[in-house]
Amino acid sequence: MLRIIGIIITISLIGWMFFHKKEFIVIRRWLGRSAKTQFQSVRSAVVWIVAITGLVLALTGLLPFLLLGAPMSGFTLLIHVAVAPVFIAGVFIVSLMWAESHRFDAVDWETLRTCLTRQPLPNEHSGLNLWRHLFFWLMLITVLLLGSIVLSMYPLFDSIGMDFFLNLHKAAALLITVSGVAYAFVNASLPNKFLKDKYEPLSK
Amino acid sequence: MTNRLFSLKFLILCFINAGILYSQPVNDTQVPLIGDISDGSRAKPIHIIELFDADSARIRPTDQPVLPFSTKQTCLPCHNYETIRHGWHFNANDAHVPAGRPGHPWILTDRLSATQLPLSYREWPGVIHPNDIGLTPWYFVQTFGRQLPGGGVGEDDTSDVDMMYRRWMISGKLEINCLACHDAEPAHQQAEYAVATRNQNFRWAAAATSGFAHVTGSTKAMPDDYDIYLGVAKDDARSIPPGVEYDDHRFNLQGKVFVDLVRNVPNDRCLFCHSTKINEADNRWRTENDVHLASGLHCVDCHRNGLDHNMVRGDNASSDFSCEGCHLGNDASERGRLGAPRPGHTGIPTVHFDKLSCTACHSGPYATKRPQLVQTSMGHGLGTHGIVKADTVMPYIISPVYATASNGKIAPHNLVWPSFWGFMHGDSIQPILPVDVQMIVLHFIAADTLTDSLNYAQINSGQWPDLSTDKVTSILDSLTNADFVTGTPVFINNGKGYRVGSAGLKSFSHTMTAPYLWPIAHDVRPAQQSLGASSCSDCHSLRAGFNFGNVEATSPIQGVRPISLPMTRFQNSLGIYARLFAFTFLFRPLLKIFILICCLILLSTLVLYFFKGLNTISTVLSATRREGNR
């Protein structure tokens, strides 16, 4: 019954949107812009979606465990399960878009070497930039987060294996949350000019 | 002087003797007797024993009058009866014994008055104490003695001593019937126990079941002044007095009898009182047995007990003798017991083990959208003579109902909706015994009980009669004038209460209208037939009975819609949540593929940039080396 209602609502919505597409001012404006601007807006929208869904996932996943000491259940679990696919899609897109710009490069190597030899950094922001790269790649531990949960959806592992995957999911989630927060903090600390200058060659 | 010294010595000796006598444990509950202590031999102890009657007199088959053997007096020389009588099967009426988790109640059933009332001496929530409805031990034993193991309430002749003193004197106590469990003789006939208790032949009941005695007559037909030693006058042509005949050949030259008693109770002995019949199942030859019994185990391999006879009920997960104890092992030993296979539970998320009992997936009838009617030995007297074998016979026990048990886990339960006539006094409802209300009900349905009526056929097939709302109203009106009714007459049925209001029959809610549930653990199905073995949709599907079954009440009132409760109501969860969660499983296959693709691409990205990173490091290191060389 629910399935039929869902299908009817979805078809009605798509039909309504199709016949009234010109009335969507935001979409019309967006369609009128250049391809580069369109891409930029999609990119920032995806980032926001990842951030928001990630926050929802972190709250629904970690809070019951931290506050109640119990695994999530009920509507918390439903929200977690419903939001997760959106987050996964977002992370997937973000990783493809941002991987190149977050590569460890010669500057990072120099920064690392300077740090190890305890010499003053050539640029005050280069240290933060190294952290920024590091946290980005740590966030891509998402692959463990996803892998652990998708593997436990198949009848491949016994209780011990399932328990291991659940714990792996929890640990990966914690690491990603911390990395995400740290990444946002580092990103906010770096001036826009620095980021722009640094990535100017890449955008050429 | 000598006399005085002698007197003093005599006095001292008397004191010493008295001291010794008083310090001797007399029938001490803590002292095991010779038969209670094992010498380590695993061989079956052979019981070639003397039989004693209730007066401790030795029985010879040629005695006149010949009396039935008393299990208490016969076993007492070697076994501590006092310790045993506190065991789980016998201690229900002991107020000091913790009630434990809810179990199978005794169900007071009367077809004519549409009564099915769960009773228990244990303080299980939802049951009624027999004393509260005026069912004294005397009547309780007669009503339910068919599956009572004796002892406990059967020996409680003090509660209704004023009214039933003479009857107790004639019938004797219903002592613990050791044979009910421990007799391995093929000729043991437990069904005779039901006949004996129904005929008030309590002291003859154990002998009636044995293979070497034959009980005749009925105490019920005897007058209050009947003397079991004198018998009836020869010219008294009334009913046959109770009597027993022994098989002479079973007594050896020493006057002893071989009784085939075993330590490990045979399954048949347990199943006489603990069988379940699924009504809607196919023919019996096609139904399955409990997987443990099919594997050759005995009931008592898990449901063990010591001398105290406090049976392992299997509900304590930390016990050695629970599902977990045998199949997973406890903290001390992970080897389990009895060679039980360790379950893999492949692909089952571990949260299931926090929320479900083992029995939820493995026990009871298979989950269906509409739980089935089942019959049980204790509820329907299965195995006794003269019962109605129709599937529709009262009491109506519904199974399986997946409800949250007292340990917080969901487990399969049996359920019975209470149905009885009573009266409301303030906020409390006092049930009326069927015997008191029967005549009033019969008055209003008399025409319906003629041989060609539908109700006659129904009552004969074990069902309750059809009652119209008018008839219920009339019966309730009549009850108002009954002298035993001291409040507003009510009829509890269909999960509601009914009383006569200004506009006719009016329904209301009350705590006593709630169904009584008790967890079940048998029959255990093998792993391949457990819930979740084929897929998640065994439970997480809108078609699954586990979450989306409806528990319906049955009602004799025509035109009243039977109440139907969703299974989630018993699981303390919201139906909408269960539906939404099940709905997510429609998309799960797609989600799995999507996540796998995402994982693959993310992994590829990571690998790609890992090698790119290596390339960078290699390039930087080469450049540094070249600069160093310059």
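When you go through (1) surrounded by fewer than 20 Cβ atoms within 10 Å (Cβ to Cβ); (2) within 22 Å of residue B:277 (Cβ to Cβ) one by one for residue B:426, which number turns out not to apply?
(2)
Suppose we filter B:600, B:531, B:542 for residues that are assigned to a helix (DSSP H, G or I) and aliphatic (A, V, I, L, M); which single one remains?
On the way: B:531 fails: assigned to a helix (DSSP H, G or I); B:542 fails: assigned to a helix (DSSP H, G or I).
The match here is B:600.
So, of the residues in region A:124-155 that are under 20 Å from residue B:591 (Cβ atoms) and within 15 Å of the chain's Cα centre (by Cα), which turns out to be surrounded by the most Cβ atoms within 10 Å (Cβ to Cβ)? Show your work before the answer.
First, the residues of region A:124-155 that are under 20 Å from residue B:591 (Cβ atoms): A:142-155.
Next cut, within 15 Å of the chain's Cα centre (by Cα) only: A:142-146.
Details: A:142: 27, A:143: 20, A:144: 20, A:145: 29, A:146: 24.
Here the residue is A:145.
Out of region B:594-623, which residues are facing chain A (nearest Cβ under 9 Å) and of a type in the set (Val, Ile, Thr)?
Result: B:595, B:597, B:601, B:605, B:616, B:617, B:619, B:620.
Determine whether region B:399-418 contains at least one residue that is assigned to a strand (DSSP E or B), among the β-branched types (Val, Ile, Thr), within 14 Å of chain A (Cβ to nearest Cβ) and farther than 30 Å from residue B:196 by Cα.
Yes, region B:399-418 contains a residue that is assigned to a strand (DSSP E or B), among the β-branched types (Val, Ile, Thr), within 14 Å of chain A (Cβ to nearest Cβ) and farther than 30 Å from residue B:196 by Cα.
Among the residues of region B:548-572 satisfying the criterion of being in contact (Cβ under 8 Å) with a residue 40 or more places away in the chain and outside any loop (DSSP other than H, G, I, E, B), which is surrounded by the fewest Cβ atoms within 10 Å (Cβ to Cβ)? Break it down stepwise before answering.
Our first condition is that a residue be in contact (Cβ under 8 Å) with a residue 40 or more places away in the chain; within region B:548-572, this holds for B:548-560, B:562-563, B:565, B:567, B:570-572.
Subsequent filtering for residues that are outside any loop (DSSP other than H, G, I, E, B) retains B:548, B:550-552, B:557, B:565, B:567, B:570.
On the way: B:548: 20, B:550: 14, B:551: 24, B:552: 18, B:557: 21, B:565: 16, B:567: 25, B:570: 19.
Result: B:550.
Mind counting the residues in region B:82-129 that are touching a residue at least 40 places away in the same chain (Cβ under 8 Å) and assigned to a loop (DSSP other than H, G, I, E, B)? Steps first, please.
The initial filter retains those residues of region B:82-129 that are touching a residue at least 40 places away in the same chain (Cβ under 8 Å), namely B:82-94, B:100-118, B:124, B:126-128.
Filter again for assigned to a loop (DSSP other than H, G, I, E, B), leaving B:85-94, B:100-105, B:111-114, B:124, B:126-127.
Number of matching residues: 23.
Can you find a residue that is assigned to a loop (DSSP other than H, G, I, E, B) and within 14 Å of chain A (Cβ to nearest Cβ) anywhere in region B:372-391?
Keep residues of region B:372-391 that are assigned to a loop (DSSP other than H, G, I, E, B), which gives B:381-391.
Retained after the next criterion (residues that are within 14 Å of chain A (Cβ to nearest Cβ)): none.
Taking every residue of region B:372-391 in turn, none turns out to be assigned to a loop (DSSP other than H, G, I, E, B) and within 14 Å of chain A (Cβ to nearest Cβ).
Which of the residues that make up region B:576-587 are at the interface with chain A (Cβ under 7 Å from one of its Cβ atoms) and either surrounded by 16 or more Cβ atoms within 10 Å (Cβ to Cβ) or not β-branched (Val, Ile, Thr) (or both)? Reasoning before the result, please.
The first filter runs over region B:576-587 and keeps only residues at the interface with chain A (Cβ under 7 Å from one of its Cβ atoms), leaving B:577, B:579-581, B:583-584, B:586.
Hits for region B:576-587 are B:577, B:579, B:580, B:581, B:583, B:586.
Might you let me know whether region A:104-111 holds any residue that is within 24 Å of residue B:602 (Cα to Cα), within 13 Å of chain B (Cβ to nearest Cβ), in a loop (DSSP other than H, G, I, E, B) and acidic (Asp, Glu)?
Yes.
Could you list, in sequence order, the residues of region B:158-180 that are under 16 Å from residue B:72 (Cα atoms) and surrounded by 21 or more Cβ atoms within 10 Å (Cβ to Cβ)? Outline the logic, then answer.
Here is the first cut: in region B:158-180, the residues under 16 Å from residue B:72 (Cα atoms) are B:171-180.
Of everything in region B:158-180, those that are under 16 Å from residue B:72 (Cα atoms) and surrounded by 21 or more Cβ atoms within 10 Å (Cβ to Cβ) turn out to be B:171, B:172, B:174, B:175, B:176, B:177, B:178, B:179, B:180.
What residue, among those in region B:547-564 that are within 24 Å of the chain's Cα centre (by Cα) and among the hydrophobic types (A, V, I, L, M, F, W, C), is farthest from residue B:407 (Cα to Cα)?
That would be B:553.
What number of residues within region B:158-214 are among the charged types (D, E, K, R) and assigned to a strand (DSSP E or B)? Explain how you work it out, then say what you get.
Keep residues of region B:158-214 that are among the charged types (D, E, K, R), which gives B:160, B:162, B:166-167, B:173, B:175, B:183, B:185, B:192, B:198, B:203.
So of that shortlist, the ones also assigned to a strand (DSSP E or B) come out as B:183.
So the count comes out to 1.
Of the residues A:165, A:135, A:157, which is assigned to a helix (DSSP H, G or I), within 14 Å of another protein chain (Cβ to nearest Cβ) and among the aromatic types (Phe, Trp, Tyr)?
Details: A:135 fails: within 14 Å of another protein chain (Cβ to nearest Cβ); A:157 fails: assigned to a helix (DSSP H, G or I).
Result: A:165 is the single residue among A:165, A:135, A:157 that is assigned to a helix (DSSP H, G or I), within 14 Å of another protein chain (Cβ to nearest Cβ) and among the aromatic types (Phe, Trp, Tyr).
Values in this text are rule-based calculations from the coordinates and carry no lab data. Treat the numbers as computed from the prediction; the structure is a model and nothing was measured. All Cβ positions, glycine included, derive from the backbone under ideal geometry; neighbour counts span all protein chains shown.
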